[in-house]
1. Mind checking which residues of region 540-572 are more than 17 Å from LEU157 (Cβ to Cβ) and in contact with a Lys or Arg (Cβ under 7 Å, 6 or more places away or on another chain)?
2. Anything in region 515-536 that is modelled with pLDDT of 95 or more and among the hydrophobic types (A, V, I, L, M, F, W, C)? List them, or say none.
3. Could you tell me which of the residues GLU364, GLU350, GLU384 is modelled with pLDDT of 95 or more, more than 23 Å from the chain's Cα centre (by Cα) and not small (Gly, Ala, Ser)?
4. Which helices (runs of 4 or more DSSP H) sit wholly inside region 459-573 and have at least 2 residues that are touching a helix residue (DSSP H, G or I) at 6+ places or on another chain (Cβ under 8 Å) and open to solvent by 10 Å² or more (accessible area, probe 1.4 Å)?
5. Of the numbered conditions (1) in contact (Cβ under 8 Å) with a residue 12 or more places away in the chain; (2) among the hydrophobic types (A, V, I, L, M, F, W, C); (3) assigned to a loop (DSSP other than H, G, I, E, B), LEU332 satisfies every one except a single condition; which is it?
6. Going by the structure shown, is VAL258 open to solvent by less than 40 Å² (accessible area, probe 1.4 Å), at pLDDT 90 or above and under 20 Å from GLU502 (Cβ atoms)?
7. Looking at the structure I just gave you, is ASN376 part of a helix (DSSP H, G or I) and polar (S, T, N, Q)?
Amino acid sequence: MEKLKAFITFLICGVTGCHFLSCSDETIGDVPVNFIPPHIIYGDSTKITQFVNNVYSFLPAGYNRFDGNTSMLAASTDEAVHAVPGSDMEKWANGSWDANTGYDNSFSDCYTGIRRSFVFEEEILPYIEDIVMTETGRNLCLGQVLFLRAYYNYELLKRFGGYPIVTKALSTDEDLNIPRNTYDECVTYITGLCDRAAALLPLSHAANQLGRATRGAALALKARTLLYAASPLFNDESKPQDDPEHGKYDPAKWEKAVAAAAAVISLKNANGSPVYSLYTAGEGYSDFFYVLNANNEIILSRMAAAGNTVERLNGPVSITNGQGGTCPTWDLVSAYEMINGEPFDPNNSEHAANPFENRDPRFEKSILYNGATWMNGMTIETFEGGKDLAGDRATRTGFYLRKFCNISASWNAPTGTTQHCFPLLRYGEVLLAYAEAMNEAYGPDADPGGYGMTARQAVELIRKRAGLTGNIDLSVTVPSGNRENMRDAIRHERRIELAFEEHRHLDVRRWKIAESVLNQAVSGLKIGKNDDGTFTCTPQVVESRVFTSRMYLYPFTRTELSRNSNLIQNTGW
């Protein structure tokens, strides 16, 4: 893997345009075919836009981006298990990795994206004349580039804690052994970039420009960054000093996170209507992951061409070429409440008799279970001897993934495709961030800042859209003013609402509960079919899991450490 010093060298090289090769891929006499000199770029508005588009290419791809693009990050948590034993996600989850493995190490891509953002700002933007692009157009390009720079810095922060901040294109006579900045310095830098970007970006783009950064995206990224900064892992009373691994303890950080999330919620269009809202059309919770237009819940998504790859990679094996993919655990399935808001209890004879009925509607929209109906009217069979439990790619948990998958996107004749927009930032997440920060700052039922909504009310919006029929406002389980019970309820709601969206692995870390949550074996459900057609369900361990304290932060690789003498490794690595 390329290291920090290499990317700083890239900054010095000043390579621009559509040049995607590393310095090591060239000889001194090579002139890459796809190299475009700066003066050609800033003299052509189309090429300027193409350059900005390229800076987007390092955003997280989501979906099945591991194990050769076959498995999801969820399979490294208590959410799921990859269908094929021995996957990278299984190794990550059971502790069979070290500082050089780097299953989710985006160090390289982030610094490449950061470098290209500076190339645009320093080598292209100053030379764009009015005749080529108006001031409005230049500001729009700069706003996007600043947002992307903030996003890539955030991606480093969430993995490593404090990292070496690069704020310009460096010259050859500067010391390239840059030390890590403190955690709070990184937070300040990222949120400052978000503010600069928000001031330049519009509230929305035309329908044919979906996926571009907006003012809301910049503010939502700021809110998430501040939420993480306020969380126990980084805001620890027992570690009061600011250093690269955690910030200076300050309970007021929750208040800053509240204000940042409220700024997204309060955004209004010119006609006074809210910019964002929870998506309720069609099937609501399940549809908005592949509905692009008239979808006010998605704030920023990673766009992809229409296809059926997500469906095929996670498809039940009874469908020809179904790959099994990311299989939800019984642990997650058990976490979905009953539709009336009661906890599901496998020891309750009434619940156990029909374990997949009368559940939180998000369960059926996220999980394919034994007896569920799927593509072309087929019935899922994950009982012993069932057609979806046969072969080396069959589910090991008794469940398949439904979320993100469109029933019309068949990879077998008659084939079909659908758009997929992996949500990098969405309004539902912002509401939950607001609820969490509000509860920690002021409790579940207070709104001293006059933001217009309490923590309880924010969660209620999520649960109402989900289709729950009871305990929607949590009054049964969370007495008035009970911060601790509300904390548990909000964490539960994030687990269900944001399942498989690459939040769980960071949530349990920032809450400092990963040593208990991710240190437990995960289970599946063994289903036996009785002679009378009924089923007997027995939980069984599927994979062991290991999480130690050093895993709260990612390690820098040894190569990175050897090339930068001032880059100090995280504790325990």
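The values are calculated or read from the model by the stated rules, or taken from the named source; none is laboratory data. Worth saying up front: this structure is predicted, and the values here are computed from it rather than measured. Glycine gets a Cβ as well: all are built from the backbone with ideal geometry, and neighbour counts include every protein chain shown. Just so you know, the surface numbers come from the protein's heavy atoms only, side chains and all, with ligands and any DNA or RNA stripped out. Shrake-Rupley method; radii C 1.70, N 1.55, O 1.52, S 1.80 Å.
1. GLN540, VAL542, THR559, ARG563, ASN564, GLY572
2. Once the filter is applied, which keeps residues that are modelled with pLDDT of 95 or more and among the hydrophobic types (A, V, I, L, M, F, W, C), region 515-536 yields VAL517, LEU518, ALA521, VAL522, LEU525, ILE527.
3. The match here is GLU384.
4. 483-497, 504-510, 514-517
5. Just one mismatch for LEU332, condition (3).
6. Considered against the rule, which asks whether it is open to solvent by less than 40 Å² (accessible area, probe 1.4 Å), at pLDDT 90 or above and under 20 Å from GLU502 (Cβ atoms), VAL258 comes out as no.
7. yes
Listed here are the residues, each with its yes/no results for (1) at pLDDT 95 or above; (2) closer than 23 Å to VAL145 by Cβ.
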site	(1), (2)
ALA198	yes, yes
LEU210	no, yes
ALA213	yes, yes
LEU221	yes, yes
LEU227	yes, no
SER231	yes, no
GLU237	no, no
PRO244	yes, no
GLY247	yes, no
